[in-house]
Amino acid sequence: MTNTINTPALSLDLYSWNINGAQDALKSRNIRQQMYDHKGVYLLQETHYLSIRDIQRFNTAAPICYQKNGLPTRNGVLLSIPQRNQNLTHIPSSINSDDGNDRLLMVNINWLGLPILLVNIYAPPSTSSERALFFDQIHS
């Protein structure tokens, strides 16, 4: 029998949500409140275009926040990383993961001395051939 040790200080909570746009004030506030309360890593897809004010609001809830902006009605991804966790020792000041469609974010962090690559992908919701092409392009 193996004992399982679950220590909150050693956990890294991941949340992945397709939010279908972040422009709605009530929806945006609820998402930011969740980010502020739970301090996990949030991977948001289909954020659509975020204004400077929207980005500032998300940065208030999660000060370490990266986004690819998308268009007013589609695409866009956001990735937030908890700031107050002492097990997180490396947070990049910038990222470089351009897929040309604002559907991909990649961030390297160091968690408990282990390198971890966080990847947030919003795949095209269209035909299976378009999705296959998208993932082939990511892998190459």
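Throughout, read-outs are computed from the coordinates displayed, never taken from laboratory work. These figures come from a predicted structure and were not determined experimentally.
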Quiz item: Tell me, how many Å apart are the Cα centres for region 9-72 and for region 114-136?
Solution: 19 Å
Quiz item: If each Cα of region 12-139 is one equal point scatterer, what is log10 of I(q)/I(0) from the Debye formula at q = 0.09, 0.11, 0.16, 0.23 Å⁻¹?
Solution: -0.25, -0.37, -0.78, -1.43
